[in-house]
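Below is one structure; the comments refer to it alone.
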Amino acid sequence: MLSALAAAGVALAMITAPQAAPSDNPPTDRITIDVVTVNGSGCPAGTTAVAVSSDNTAFTVTYSDYTAQVGDGAAPTDMRKNCQLALRLHIPQGFTYAIAQADYRGFAHLASGAEGLQQASYYIQGTSPTHYVKNPVGGPYSDNWQFTDKTDMAELVYAPCGEERNLNVNTELRVYKGDSGNASSFMSMDSTDAGVSTKYHFHWKKCP
């Protein structure tokens with residue numbers, strides 16, 4: 001089981017949009033997501049996939065080449081990897097959504113004295129970008145990692161009703177040598193294990 005290392009709240013800026021009634025149940029019609037753009041050293045072309053859960057409560061992003069590393073054999077630019085995704089969600093008429101929680105998972109091998117860092121933000125097009133939530137991992141460490149970022153209900157930012165706007169998802173991994181000398185250390189967020197992925201949880205509302 002992945003070890004839970006930390007949890008942090010994400011403060012999101014409120015937007016001006018029609019008020020919507022709370023809905024405990026997600027829409028039953030199929031939701032689809034188009035990947036509009038993919039940019040970053042952590043997600044080269046063809047290494048990223050997006051899928052919506054069958055119950056419409058969440059979607060996952062999996063990576064197959066997202067690893068930051070330092071030490072023997074690593075290039076100087078390998079210590080930082082990032083990925084910026086622009087996603088277009090097609091949701092049933094009469095509903096709107098917010099991202100209530102994000103689960104980030106991966107694997108890290110950090111020598112004594114080294115340190116890894118995972119950070120991320122996400123926001124709906126037209127709203128203020130969220131602050132990066134930073135989650136450090138200290139060496140020595142060699143295991144799976146998981147971080148969960150939650151947003152308080154009162155701070156959820158919903159997409160405007162009746163409009164399709166991109167959801168921008170930004171993630172980053174960094175590894176610092178620290179006092180580890182030239183020992184190899186790395187931190188990955190990839191899908192070598194089919195169960196390892198980033199998961200974003202929806203909160204739904206019905207539009208007026």
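The values are calculated or read from the model by the stated rules, or taken from the named source; none is laboratory data. Here the structure is a predicted model, which is why all the values come from computation and not from measurement. These accessible areas exclude ligands, DNA and RNA; they are computed on the full protein's heavy atoms, side chains included. Shrake-Rupley method; radii C 1.70, N 1.55, O 1.52, S 1.80 Å.
Across segment 32-206, Cα pairs under 8 Å and at least six residues apart give a relative contact order of 35 percent. Accessible surface of segment 77-145, 1.4 Å probe: 46 percent of it comes from carbon and sulfur atoms.
Pairwise alpha-carbon distances in segment 68-196 exceed 18 Å for 59% of all pairs. Judged by the ratio a/c of the largest to the smallest principal axis of the C-alpha gyration tensor, segment 138-208 counts as prolate, that ratio being 1.5 or greater while a/b is larger than b/c. Per-residue 3J(HN,Hα) values for segment 101-107, derived from phi via the Karplus relation 6.51 cos²θ - 1.76 cosθ + 1.60 with θ = phi - 60°, read 7, 10, 10, 10, 9, x, 9 Hz in sequence order (x marks Gly and Pro). For segment 20-100, the spread of Cα positions along the three principal axes, ordered from largest to smallest, is 54, 21, 20 Å. When the listed pairs K81/K205; K81/K150; K177/K199 are checked against a 31 Å cut-off, the alpha-carbon distance exceeds it for K81/K205.
Looking at segment 32-206, the accessible area is 43 square angstrom per residue; that uses a 1.4 Å probe and ignores ligands, DNA and RNA. Near the amide H of S53, within less than 5 Å, lie the amide hydrogens of A58, F59, T60, all on another chain or at least 5 residues away, with H placed in the peptide plane.
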